[in-house]
Structure formats: C-alpha cells, structure tokens
C-alpha cells in the first residue's frame with residue numbers, strides 16, 4: 001500500500017477508499033475513510049489517521065498534566081485539568097495510607113487555586129480520571145508562569161524525542177514543564193529568558209503546521225543553525 | 001398594488017427579465033461570508049453574513065453538565081440555543097426566548113446531531129449558541145451553517161458539516177434563498193439543512209403551498225444552494241487553519 | 001464550569017507582585033485603559049449601533065427607535081430604556097435563563113449612566129403629548145468577556161445613541177405613521193463616559209481585566225458627562241474604599257474619561 005502525501009482535511013472529507021484501517025480522528029463510511037477533524041492526514045502501513053489542529057484535551061493514562069485545585073471534599077480534591085472531565089486527587093495520595101478525615105485537613109496541603117503537576121492514573125470514562133502527585137517532578141507548583149496552549153499543539157511543542165522543547169530550554173535557560181493538557185509552566189531566573197521561552201512557545205502554537213517551524217524557532221532564540 | 005400570490009405587495013418579486021427584488025436571478029444565493037474563530041473565550045466560533053443576516057455562533061464543550069440529571073452516561077449530549085438580539089429585527093424584540101426561537105433551537109439541534117460524534121464523551125455536553133445580530137430572512141439556515149463551522153473550529157468530531165439554504169416560491173416561480181421580503185410576500189419558504197459528503201438532508205421545514213412538482217424542484221435547487229454554501233464553510237476553515245505562514 | 005472563575009495561585013501572586021512595582025500583568029500602567037476600538041453602524045438595519053472592543057472584552061449595542069405610549073406620569077417625555085445581557089457565548093460561566101444579580105446590576109448601571117446624564121433631551125421626543133412618544137431602546141449584548149463590562153457597555157451605548165437616526169413620524173388618525181426614508185438627528189446634550197476602577201490591596205487600577213477583577217477587593221464605576229460632572233456612581237465588591245480613595249477615583253474618572261470621550265467622538269464622526 002502506498003504511503004500518501006500529507007493533506008489538509010476538514011470533517012467529512014474522504015481521505016482514502018479501500019482496505020485501510022481507520023485510526024484516530026477518522027471513521028469508515030461505506031468503503032471510504034473520512035476525516036472527523038480539521039487536520040493533517042497521515043497514511044502509512046495501511047492505516048489512516050488525522051493529526052488534529054484543534055480540539056480539547058481528553059485524559060489518557062500516564063499523561064502528565066498541570067491541574068488547578070478547584071474544591072475538595074472530605075476525601076479528595078477536585079482538579080481542573082483543562083478537560084471536559086475534572087480530575088480527582090485522593091487525599092491518601094498526599095497524606096498516605098493512614099489518612100484520616102478527622103485529623104488530616106486537606107486544605108492544609110492544597111487549597112483552591114493551587115497548581116499541581118500530576119499524572120493520570122486511571123482515565124476510565126465512567127467516572128472522573130484519578131490523579132497522583134507522588135512521583136518524580138510531580139507535586140505542587142510554587143513558582144513560574146502558567147501558559148495555556150491548544151492541547152493539539154503539545155506534541156509539536158515537545159518535538160521528535162523532545163527535540164523542540166530541549167532547543168527552547170537551552171536557548172532561553174528556562175525550565176519548562178509541559179502538561180499534555182495544554183497547560184505549561186515556565187520558570188527562569190532571568191526575565192529575558194522567561195520572555196524568550198514564552199514567545200517561542202506561542203510561536204509553536206501559532207505555526208504548528210508550518211514546515212520550517214524548527215528553523216524559525218531556532219532563529220528567534222538566536223541559536224546558530226547547523 | 002401587485003398581487004404576487006401570498007400577500008399583496010408593492011414590491012416586484014420577479015420582473016419580466018426573471019430578476020428578483022434584490023437583483024438576483026431565481027437560482028442565485030445571496031452573498032455569504034464566514035469567518036472561523038472570532039471569539040476569545042468560546043472553544044469554537046464563527047461569524048456568518050448571509051445576505052443581510054449577521055449571526056455570531058459560539059461553541060463550548062465538551063463540558064460538564066449541570067444539573068447532573070440532564071447528562072447521559074453513555075454519550076455526550078448536544079444543546080443548541082438560537083436567539084435573536086432585541087435590535088436584530090424591525091420592531092424591537094423582547095430579549096426573553098420566544099416560542100419561535102425555542103422551536104428553531106430544537107430543529108437546528110436535530111439537524112446537527114447526525115453530524116456530531118459525541119459517544120466518546122459520556123456525561124458531557126456540547127453547547128452551541130447562535131446569536132442573530134441582524135435578521136433578513138433565512139436566519140435558521142444561516143445559523144445552522146455558522147454552527148457547523150463553529151463546531152469544527154472547536155474540534156468536536158464530526159462526520160460531515162451541515163450546510164443550510166432555503167428554497168421557496170414567489171410569483172409562482174421556484175426560487176433559491178428566500179430573503180425577508182420574499183418570505184413576507186411570497187408563496188412558500190422551504191429551509192433545508194444538508195450534509196454534502198454523506199448526501200443527507202437533516203433539516204427540512206415548509207411554510208406555504210407547493211405542488212408535488214414544485215416541491216421536487218425546491219429540494220433540488222435547495223440542495224444545490226447548500227452545496228454552494230458548503231464551499232464557503234470549507235473556505236472559512238481553510239483560511240483559519242491552513243494558510244498561515246509558509247506552507248507545504 | 002465554576003472552576004473557570006477560580007484564578008490560579010501563580011497568576012494571583014504575579015498580579016500582586018507586579019502591583020508593588022507599579023506594573024500590571026499585561027504591561028499596563030495602573031491608570032491605563034486597554035486598547036479600545038469603537039465601530040458604529042455595525043447593524044445597519046437598526047436605527048443605531050456600535051461595537052466596542054476593550055482589550056478582549058467585546059460588546060455590541062443596538063438602538064431601536066419606535067413609537068410608544070408614554071408612561072402615565074411623563075406624557076411630555078419620550079421613553080429611554082437601556083439593557084445589557086451577557087450572551088452565553090461570552091464566557092464559559094455565562095448562563096442562559098433569567099439574569100443573575102450581577103447581570104441585572106450591569107444593565108441597571110448602564111441605564112442609569114445614560115439616563116441621569118440627560119444624554120437625550122427626552123422632551124424633544126414627543127409626537128403627541130400624553131398619547132404618543134418616541135421610545136429609544138438601547139440593548140447591549142456582551143459577546144466576549146474579559147472584565148470591565150460596565151465601561152464596555154457604557155461606551156457601546158453612548159456611541160450607538162450618539163450615532164443613531166430618529167425616524168420621522170406624522171400622526172394620522174391619532175396613530176403615529178413612519179415616513180419612510182426621512183430621519184432626524186437625535187436631540188443630544190452630552191456624552192456620558194464611565195470609568196471603572198478596582199482596588200487591590202492599597203492600589204487602584206483602571207479598567208480591570210477578568211483576572212484582576214477576580215482578585216479585587218472593591219470596585220467603583222464613575223460616569224461623567226462632557227462638562228466633567230459626575231452623573232452616576234456604583235460601588236461594588238466585597239471590601240471598602242477610603243475617603244481619599246474616592247476623591248482620587250473621581251479625579252481619575254474625569255481625566256481618563258475625557259480621553260475616551262475623544263476616541264468615541266472620532267468613531268462617530270462622518271456618520272451623521
């Protein structure tokens with residue numbers, strides 16, 4: 001089977017006809033595979049998918065996300081993870097197994113408006129996704145600037161094997177934590193570096209689908225091109 | 001005073017050269033322009049001008065449903081609100097929703113449901129809000145057209161877009177895209193919503209009287225109008241998503 | 001979607017830290033208004049209209065003019081009614097259904113600003129005393145909400161009314177009949193402009209955006225007319241102002257208000 005050239009599609013447009021597998025953001029209609037999103041087609045090895053250029057974040061197991069505490073019950077915190085589903089962080093994750101709702105006060109650890117870097121433990125759609133903040137690089141976020149980009153651009157921001165984000169970090173001296181949900185925290189001791197990093201991230205979001213984006217970012221950061 | 005079938009009117013709905021009261025031919029739609037992504041807060045949005053109609057559409061979702069009992073554990077739900085601003089019509093309209101707006105909201109929702117795919121978002125809702133800022137006949141078709149673009153802009157998975165256009169009858173002649181004067185003084189108004197790739201009609205209503213032959217002609221000419229409108233929808237999305245910066 | 005109303009801790013700290021340096025989160029000075037554009041005549045079929053963009057906040061106002069029966073106690077005056085609505089497209093937390101108290105407040109403050117300034121000489125909008133008068137309706141629709149809806153609606157209403165056309169009517173058999181194609185200028189006397197200020201700690205900032213509004217302690221909206229007189233006031237928020245604050249705020253509202261009045265005048269020039 002031929003690997004087709006990438007094409008721009010909108011919902012309803014036919015990508016291929018015939019014996020292909022319909023994968024992300026596509027659906028079979030008769031013997032045609034049509035796109036269900038605005039995006040770029042990706043046809044190879046007999047399967048068809050569309051890389052979307054818009055759309056929200058849908059929780060997946062093991063995703064790293066940045067969340068905002070919105071409320072809590074006696075046993076857990078409710079976390080806004082920039083998705084149609086709220087995340088749930090159980091008190092035991094922070095207080096440990098001997099958590100007792102009588103003696104342990106949830107708001108002493110995390111209160112409304114606090115930001116956390118968390119991992120999704122269980123994204124079962126019949127209830128709110130479970131989160132954890134016990135783990136390396138997880139936990140409450142005390143400093144930095146929070147930026148919001150479209151979740152469909154996160155993959156581009158990370159780049160192949162992290163190449164794009166590493167380039168931005170080294171070019172600006174900033175530390176950048178990327179949530180799969182489109183929320184990003186940028187910290188830098190130097191305010192110019194902070195600004196550089198933020199501008200680079202905004203540029204990736206704006207031009208995610210442009211071919212020579214890597215060069216444009218490299219130039220913007222003042223890095224020597226090879 | 002010229003009797004044109006329908007109400008008595010001073011306006012010439014169709015002259016001897018086959019030209020309509022606004023200068024169009026019988027199978028010509030009004031000028032349509034659509035811009036996708038015009039609002040900052042909404043997840044998806046579109047602004048459409050269909051002749052003198054001006055409609056702003058915003059989409060939020062999928063998102064939480066409150067109160068919870070309205071949600072569905074098996075699928076996301078679609079909610080639509082068609083609303084006219086008080087200043088959108090000739091005589092100022094009370095801002096409270098009228099029965100007409102409630103009916104149109106339902107009809108548009110049912111026109112979009114076959115297109116949107118919400119099974120992958122149980123317990124959520126996708127909200128479509130259509131605000132008519134200026135009305136000039138055919139607002140429901142224009143609102144439906146804008147809503148499809150706004151939904152795609154929001155990234156809601158869809159099988160197809162839905163394009164809207166009305167056919168009708170004035171001066172005993174089947175015409176395409178009925179404007180306000182033709183609606184008031186004409187003989188029939190048939191709004192249509194159509195999925196162009198799947199070739200299905202998802203919105204259909206009739207106000208007026210048509211012979212079986214006229215009915216067939218109206219549907220034919222109306223689908224053709226919808227296809228023309230679809231090209232404008234496509235262009236709106238392509239302009240926003242596929243034309244920035246250097247491209248492949 | 002109440003969680004969209006909760007500002008994150010990082011941003012809140014950022015706003016407070018920057019204020020200590022006399023700066024704001026979007027780079028503005030404390031008494032600086034966001035980029036303001038006013039376009040009139042955006043709804044050509046209405047008798048008047050304006051679209052205001054104040055930063056990312058956007059409001060469309062439409063003016064409808066039509067004959068009405070006068071109120072029983074003011075048969076010698078036309079009718080003026082201003083309303084405001086936050087459309088559900090404007091913000092994830094905007095609701096449909098009967099208006100919440102904050103929306104009712106917005107509508108009433110907008111109405112008072114226009115009415116108490118005497119912007120339109122209502123005595124000149126009478127067709128037949130006690131029987132038929134001209135009713136002017138100015139309806140504001142907020143289409144995008146990034147804070148300070150009070151000022152956005154004030155500018156949209158003033159611009160729409162300032163640039164509107166009053167149709168000519170003649171009484172036929174005791175009924176007002178519109179004469180097609182004939183209009184008169186509205187009987188304008190002044191241009192009311194409101195300026196909203198928020199208090200955060202010890203700082204007073206002008207034209208708070210949504211994030212600043214969500215952490216403010218108190219706010220005040222002051223409407224002035226073309227002579228620099230105060231015609232309407234509304235204080236809101238959970239905390240209070242000192243007397244000195246209030247004097248400072250009035251001074252700011254006259255100064256900033258007159259600059260905005262010039263922008264508004266520019267937007268309407270060449271229309272009538």
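The values are calculated or read from the model by the stated rules, or taken from the named source; none is laboratory data. Everything quoted here is computed from the prediction, not taken from an experiment. All Cβ positions, glycine included, derive from the backbone under ideal geometry; neighbour counts span all protein chains shown.
Tabulated data
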read-out	value
Selection from segment A:170-226 of residues that are closer than 30 Å to residue A:9 by Cβ, in contact with a strand residue (DSSP E or B) (Cβ under 9 Å, 6 or more places away or on another chain) and surrounded by fewer than 17 Cβ atoms within 10 Å (Cβ to Cβ)	A:202
Among (1) within 8 Å of chain C (Cβ to nearest Cβ); (2) without any contact (Cβ under 8 Å) to a residue 24 or more places away in the chain; (3) not in a loop (DSSP other than H, G, I, E, B) - the single one residue B:86 does not satisfy	(3)
The lone exception for residue C:83 - which of (1) within 14 Å of chain B (Cβ to nearest Cβ); (2) in contact with a strand residue (DSSP E or B) (Cβ under 7 Å, 6 or more places away or on another chain); (3) under 30 Å from residue A:69 (Cβ atoms) it fails	(3)
Conditions (1) more than 14 Å from every other protein chain (Cβ to nearest Cβ); (2) more than 30 Å from residue C:95 (Cα to Cα); (3) crowded, with 21+ Cβ neighbours inside 10 Å; (4) modelled with pLDDT of 95 or more: number failed by residue B:208	(3)
Enumeration of residues in segment A:143-186 that are within 20 Å of residue A:206 (Cα to Cα) and in a strand (DSSP E or B)	A:145, A:146, A:147, A:148, A:176, A:177, A:178, A:183, A:184, A:185, A:186
Condition met for residue B:92 (within 21 Å of the chain's Cα centre (by Cα), crowded, with 19+ Cβ neighbours inside 10 Å and outside any helix (DSSP H, G or I))	no
Those residues of segment B:89-134 which are touching a residue at least 60 places away in the same chain (Cβ under 8 Å) and within 14 Å of chain C (Cβ to nearest Cβ), in sequence order	B:124, B:125, B:126, B:127, B:128, B:129, B:130, B:131, B:132, B:133, B:134
Subset of segment C:51-69 [buried (at least 24 other Cβ atoms within 10 Å of the Cβ) and away from every other protein chain (no Cβ under 11 Å)]	C:52, C:54, C:59
In segment A:110-156, the residues that are more than 14 Å from chain C (Cβ to nearest Cβ) and more than 30 Å from residue B:68 (Cα to Cα)	A:134, A:135, A:136, A:137, A:138, A:153, A:154, A:155, A:156
Breaking point among (1) more than 26 Å from residue C:259 (Cβ to Cβ); (2) surrounded by fewer than 24 Cβ atoms within 10 Å (Cβ to Cβ); (3) within 11 Å of chain B (Cβ to nearest Cβ), for residue C:146	(1)
Test result for residue A:50, more than 7 Å from every other protein chain (Cβ to nearest Cβ), under 20 Å from the mean Cα position of the chain (by Cα) and crowded, with 19+ Cβ neighbours inside 10 Å	yes
Residues satisfying the stated conditions in segment A:111-142, i.e. part of a loop (DSSP other than H, G, I, E, B), under 17 Å from the mean Cα position of the chain (by Cα) and under 28 Å from residue C:14 (Cβ atoms)	A:133, A:137, A:138
Some residue of segment B:57-70 being outside any loop (DSSP other than H, G, I, E, B), within 13 Å of the chain's Cα centre (by Cα) and more than 10 Å from every other protein chain (Cβ to nearest Cβ)	no
The one condition in (1) under 18 Å from the mean Cα position of the chain (by Cα); (2) surrounded by fewer than 18 Cβ atoms within 10 Å (Cβ to Cβ) that residue B:176 fails to fulfil	(2)
Matching residues, segment A:43-58, being farther than 24 Å from residue A:150 by Cβ and either in contact with a helix residue (DSSP H, G or I) (Cβ under 8 Å, 6 or more places away or on another chain) or part of a loop (DSSP other than H, G, I, E, B) (or both)	A:45, A:46
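Conditions (1) away from chain B (no Cβ under 14 Å); (2) surrounded by fewer than 16 Cβ atoms within 10 Å (Cβ to Cβ); (3) in contact (Cβ under 8 Å) with a residue 40 or more places away in the chain, marked per residue:
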{"site": "A:11", "(1), (2), (3)": "no, no, no"}
{"site": "A:24", "(1), (2), (3)": "no, yes, no"}
{"site": "A:62", "(1), (2), (3)": "yes, yes, yes"}
{"site": "A:67", "(1), (2), (3)": "yes, no, yes"}
{"site": "A:83", "(1), (2), (3)": "no, no, yes"}
{"site": "A:87", "(1), (2), (3)": "no, no, yes"}
{"site": "A:92", "(1), (2), (3)": "yes, yes, no"}
